[in-house]
Structure formats: structure tokens, C-alpha cells
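Take a look at the structure below.
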Amino acid sequence: MAGDGFLAHELERLDEAGLRRHLRVVEEAQDARLLVGGKSVISLCSNNYLGLANHPALAEAAARAARDLGVGAGASRLVSGSMRIHAELEEQLASFKGVEAALLFNSGYHANLGVIAAAVGAEDAVFSDELNHASLIDGCRLSRARVCIYRHADVSSLEELLRGTKARRRLIVTDSIFSMEGDAAPLREICDLAERYGCMVMVDEAHATGVVGPNGGGLAEELGVQQRVTIQMGTLGKALGCFGAYVAGSRRLVDFLINTARTLIFTTALPPPVVAAASVALDIVGKEPERREAVRRNALRLRTGLRDCGYEIGRAETHIVPVIIGDPNATMRLSDFLFDHGVLAQGIRPPTVPPGTSRIRATVMATHSDRDIDAAISAFREAALQEEDDRLLSGASS
Ligand SMILES: *Cc1c(COP(=O)(O)O)cnc(C)c1O
């Protein structure tokens, strides 16, 4: 087509750099095991941490809501799409997060873009961890605020920037459990700094909601700082097994966002079936702490096994286990090897992670059995042995 000659060229460049991406099609419901290309594999790369995405009670609630309330909300929240079911889920979320109010967004991506761009503008400054999720980065860019990037989880680097940066309003933003590292932000210390320097704090609990904290309320709950974080954000699409996201905080914050967050104002409200399912997911998070416990147990089992095989997996102690390889091509070779050996573990390459830190991002689910985890470890062990053999062979021939 006219003008699209660059497409083939750009794709070739990605190929050459080992950075071209392809979609893999999953042929059945999301679970600890998946059918991919006709092959049954253990999934080590889902964010469906609690195994709720295919839970019958969620499916039933969604089906009932579709029958009773329809499939679509028909309009944006501010026009006529704000239904009773949205308001009820927001109340449930507020009490789950231990704050006054919550507001639904259509995804975590929408929430982060909308909230940051509403909270700060051209006269303001935002302080962002260097490993923050892309949606936070894009929110910072969209806001037109001055962006100050501090070293990963480094409060002295953050304080230095806070000391040197004057602005009308200042906002610190951070992942809670970092999506690609699996480590936790020093949230208590960040709240201390925010209070000392008069800044807002926004925390993205995408990977902690439902999993971390005594009631699954996230890292803010775990550390007891719910009342000190200005903006708590999280997604319904990961551990809660549904779709959509929320922002939680003061009533005033929610009222402000209803009036200013463009990704809320200019988009159709979440479909009733998704909202109904998310409400049931929250109930299960409250009633079945054993799911969180299973995630922790499985994560420990996987980390111990991978360390024993000699893999470099960082220092984090969560359900996200980064197996750092470095080179993107070597990472994809390992991912392919694992797939051939019955394990779906996606390679993660730049720009998702910094150059030179390509990795397998392994995640566990509550619904993995010990046998699943052990089979996954065996596949990694074989890959390590094979790598060793190849090194010996290439050494012998040179
Ligand atoms: C996945 C993710 C998001 C986006 O959430 P979605 O609901 O999937 O759009 C935002 N922040 C972080 C840290 C994430 O990992």
C-alpha cells in the first residue's frame, strides 16, 4: 500500500536485533496448564495469580449480569453508563483498600494515563522510579509535568531529586511489586519523604492486589500505609482474573478524577458482566486466604529450585521470579527450549526491560500443583545442562 514501505523495513530491523515479537494463541481457558498450538504446557507466565480467571463462580456471576443487565454499559460513566453495579463494586473496592472511595477505570493502562495526567500538569513535577511500568511512564509523559527519574527503589536518589526540584505540585509514582523484577518498593520510606517534602504519592498495585497483604489489599496494606498513600491504583485483570482497574483514596480524590481524568470521561463504562465477576473475585480474595498462601508456597518452591540449578533470579521474594539471561536471543532460545519441554515461559526483552537484562519472567499461580512446579524446574535444569554441554563442545572445537 502507498506509503507503508517502512513496515517491512522496521520488522526486519526488529528481526535482526532479536526483538521481533509474535502472538501465541492459547486454545482454552486460562489455567495453570494451557493448550498452545495443540500442546499442553505448564503456564509460568500468567498474571492470573489466584487462578480466578476461569473460576465457575465468576463465570456464573458474569453470565447472570449479562442476562439481567446486558452485555454493554452503553455510554461513558458521565453520560448514562454509570450503573448501580459500578457504584457497588466501587464501594466494595474502597472498603477492600481501607479508604473512603474508589473509582473504576477500563484498565490499569487507562487508570495510570488518566490519573497522572489529571493530578499534575506543565507547572508540576513527577518523580518516577526508573523501573516503573510503561503505563506510568506514558502517564508521566502525557501529563507534560517535569519528569524526574530516580534510581530503582532508591530513596536517597529520590530525596536528592525532591530537594532540587521546585514545582507547583509534586507527585511520586511507583509500582508496588515491580512487574519485571518482583521486588517491592520502599513504600514506607517513600511516604516519609512525601510527608517531609509535601508531595503526593501514587502506588500501582497491579501485581500486589489480591496477593500481597494480610487481606490481599496490596503492599500498602502489608505496610499499613493505606492512609498515607494519596492514590492507590490496581487492576482487576491480574490476580482478580477479570478486566478493568480502580483508583482508591479520599472521596475528594475520586470527585476530582470524575471531573478531570480523560480516560474515564471519554470512554464507555466497563461492561456489567466484568463488573459482576470482579465483585465475586473480591469476595473470594477475602474468604480464601489459602489461595494467597498457595502462591507464596509455589513461589518459594520455584525460586529454591531455580537457584539450585544455578540461575540468577535476583533478590525478590515474591510470586514474580525474574530469570535474568541478558542477551535477547539467548533468552528466546531458552524460552523455546522450555516450550519444547512443556513449559510456557515468555522471554521478556527491551524495551520492556533495560538493554542487557533480557529475562524469563516466571510467575506462579495458586492453582499450580507441586508437580507442575517441579516439572517446570526440571525443564529449566535440562536447559542449564544443555547450555553447559554446548559450552564444553564449543570450547573443545576452538
Ligand atoms: C499490567 C500492569 C498495568 C496495566 O494494567 P491493565 O489492567 O492490564 O491495563 C499497570 N501497571 C502495572 C505495574 C502492570 O503490571
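The values are calculated or read from the model by the stated rules, or taken from the named source; none is laboratory data. The structure presented is a predicted model; accordingly, all values stated were derived computationally and were not measured. Cβ sites come from the backbone with ideal geometry, for glycine too, and all protein chains shown count toward neighbours. Remember, those area values only see protein heavy atoms, side chains included, never the ligands or the DNA or RNA. Shrake-Rupley method; radii C 1.70, N 1.55, O 1.52, S 1.80 Å.
Out of the residues in region 238-283 meeting the condition of being part of a helix (DSSP H, G or I) and of a type in the set (Lys, Arg), tell me which one is most open to solvent (accessible area, probe 1.4 Å). Can you show your working first?
Step one: of region 238-283, the residues part of a helix (DSSP H, G or I) are 251-260, 262-265, 272-283.
Narrowing further to those that are of a type in the set (Lys, Arg): 251-252, 262.
Values: 251: 113, 252: 196, 262: 165 Å².
Applying the filter and picking the extreme gives 252.
Restrict the check to region 166-181 and report whether at least one residue is within 16 Å of the ligand (Cβ to nearest atom), within 22 Å of residue 267 (Cβ to Cβ) and surrounded by 23 or more Cβ atoms within 10 Å (Cβ to Cβ).
Looking through region 166-181, at least one residue is within 16 Å of the ligand (Cβ to nearest atom), within 22 Å of residue 267 (Cβ to Cβ) and surrounded by 23 or more Cβ atoms within 10 Å (Cβ to Cβ).
Kindly provide the set of residues from region 283-309 that are among the acidic types (Asp, Glu) and within 20 Å of the chain's Cα centre (by Cα), ordered by number. Even if it seems obvious, please write down each step before you answer.
The first filter runs over region 283-309 and keeps only residues among the acidic types (Asp, Glu), leaving 283, 288, 290, 293, 308.
Residue satisfying the conditions is 293 alone.
Which residues, taken from region 69-89, are more than 16 Å from the ligand (Cβ to nearest atom), touching a residue at least 60 places away in the same chain (Cβ under 8 Å) and part of a helix (DSSP H, G or I)? Let's see the steps before the verdict.
Of the residues in region 69-89, the ones more than 16 Å from the ligand (Cβ to nearest atom) are 69-88.
Imposing the further condition that a residue be touching a residue at least 60 places away in the same chain (Cβ under 8 Å) reduces the set to 69-78, 81-83, 85-86, 88.
Answer for region 69-89, where residues must be more than 16 Å from the ligand (Cβ to nearest atom), touching a residue at least 60 places away in the same chain (Cβ under 8 Å) and part of a helix (DSSP H, G or I): 69, 77, 78, 81, 85, 86, 88.
Against the definition (surrounded by 14 or more Cβ atoms within 10 Å (Cβ to Cβ), aliphatic (A, V, I, L, M) and within 16 Å of the ligand (Cβ to nearest atom)), how does residue 117 come out, yes or no?
yes
Taking the stated definitions as given, is residue 208 free of Cβ contacts under 8 Å to residues at least 60 places away in the same chain, in contact with a strand residue (DSSP E or B) (Cβ under 7 Å, 6 or more places away or on another chain) and aliphatic (A, V, I, L, M)? Lay out the reasoning, then the answer.
Working: free of Cβ contacts under 8 Å to residues at least 60 places away in the same chain: yes; in contact with a strand residue (DSSP E or B) (Cβ under 7 Å, 6 or more places away or on another chain): yes; aliphatic (A, V, I, L, M): yes.
Yes.
Can you spot a residue in region 150-165 that is away from the ligand (no atom under 14 Å from the Cβ), without any contact (Cβ under 8 Å) to a residue 60 or more places away in the chain, of a type in the set (D, E, K, R) and under 20 Å from residue 228 (Cα atoms)?
Yes, because at least one residue in region 150-165 is away from the ligand (no atom under 14 Å from the Cβ), without any contact (Cβ under 8 Å) to a residue 60 or more places away in the chain, of a type in the set (D, E, K, R) and under 20 Å from residue 228 (Cα atoms).
How many of the residues making up region 92-114 are open to solvent by 10 Å² or more (accessible area, probe 1.4 Å) and closer than 20 Å to residue 226 by Cα?
7
Identify the residue in region 127-145 that is among the acidic types (Asp, Glu) and open to solvent by 20 Å² or more (accessible area, probe 1.4 Å) and, among all such residues, is farthest from the ligand (Cβ to nearest atom). Steps first, answer last, please.
Step one: filter region 127-145 for residues among the acidic types (Asp, Glu), giving 129-130, 138.
If we keep only those that are open to solvent by 20 Å² or more (accessible area, probe 1.4 Å) too, we end up with 130, 138.
Working: 130: 14, 138: 10 Å.
Checked region 127-145; the qualifying residue farthest from the ligand (Cβ to nearest atom) is 130.
With the checklist (1) without any contact (Cβ under 8 Å) to a residue 12 or more places away in the chain; (2) not in a loop (DSSP other than H, G, I, E, B) in hand, flag the one item residue 59 doesn't pass.
(1)
Search region 185-218 for residues being among the acidic types (Asp, Glu) and farther than 29 Å from residue 243 by Cα, and hand back the single one that is most open to solvent (accessible area, probe 1.4 Å).
Of all residues in region 185-218, those among the acidic types (Asp, Glu) come to 189, 192, 195, 204-205.
The next check asks that each one be farther than 29 Å from residue 243 by Cα; those that pass are 189, 192, 195.
Details: 189: 88, 192: 65, 195: 109 Å².
By that ranking, first place goes to 195.
Give me the residue from region 46-68 that is open to solvent by less than 30 Å² (accessible area, probe 1.4 Å) and closer than 21 Å to residue 220 by Cα and, out of that set, farthest from the ligand (Cβ to nearest atom). It would help to see each step written out before you state the result.
Applying the first criterion (open to solvent by less than 30 Å² (accessible area, probe 1.4 Å)) to region 46-68 yields 46, 48-52, 58, 61-62, 65.
Subsequent filtering for residues that are closer than 21 Å to residue 220 by Cα retains 48-50.
Details: 48: 12, 49: 12, 50: 15 Å.
Taking the candidates together, the pick is 50.
Quick check, is residue 17 surrounded by 12 or more Cβ atoms within 10 Å (Cβ to Cβ) and either within 16 Å of the ligand (Cβ to nearest atom) or aromatic (Phe, Trp, Tyr) (or both)?
Details: surrounded by 12 or more Cβ atoms within 10 Å (Cβ to Cβ): yes; either within 16 Å of the ligand (Cβ to nearest atom) or aromatic (Phe, Trp, Tyr) (or both): no.
When the stated conditions are applied, residue 17 does not pass them.
Residues checked against (1) in contact with an Asp or Glu (Cβ under 7 Å, 6 or more places away or on another chain); (2) open to solvent by less than 50 Å² (accessible area, probe 1.4 Å); (3) touching a residue at least 24 places away in the same chain (Cβ under 8 Å):
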site: 335; (1), (2), (3): no, yes, yes
site: 342; (1), (2), (3): no, yes, yes
site: 360; (1), (2), (3): no, yes, yes
site: 364; (1), (2), (3): no, yes, yes
site: 375; (1), (2), (3): no, yes, yes
site: 390; (1), (2), (3): no, no, no
site: 395; (1), (2), (3): no, yes, no
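If a residue must be in a loop (DSSP other than H, G, I, E, B) and touching a strand residue (DSSP E or B) at 6+ places or on another chain (Cβ under 8 Å), how many such residues does region 315-334 contain?
4
Residue check: is residue 124 among the charged types (D, E, K, R), within 18 Å of residue 230 (Cβ to Cβ), within 16 Å of the ligand (Cβ to nearest atom) and touching a strand residue (DSSP E or B) at 6+ places or on another chain (Cβ under 7 Å)?
Numbers: among the charged types (D, E, K, R): yes; within 18 Å of residue 230 (Cβ to Cβ): yes; within 16 Å of the ligand (Cβ to nearest atom): no; touching a strand residue (DSSP E or B) at 6+ places or on another chain (Cβ under 7 Å): yes.
Considered against the rule, which asks whether it is among the charged types (D, E, K, R), within 18 Å of residue 230 (Cβ to Cβ), within 16 Å of the ligand (Cβ to nearest atom) and touching a strand residue (DSSP E or B) at 6+ places or on another chain (Cβ under 7 Å), residue 124 comes out as no.
Cβ-Cβ under 9 Å, sequence separation 6+ or interchain: first residue in region 235-254 and near the ligand (Cβ under 7 Å from one of its atoms), partner assigned to a strand (DSSP E or B) and acidic (Asp, Glu). Which pairs?
Cβ pairs passing all conditions: 235/204.
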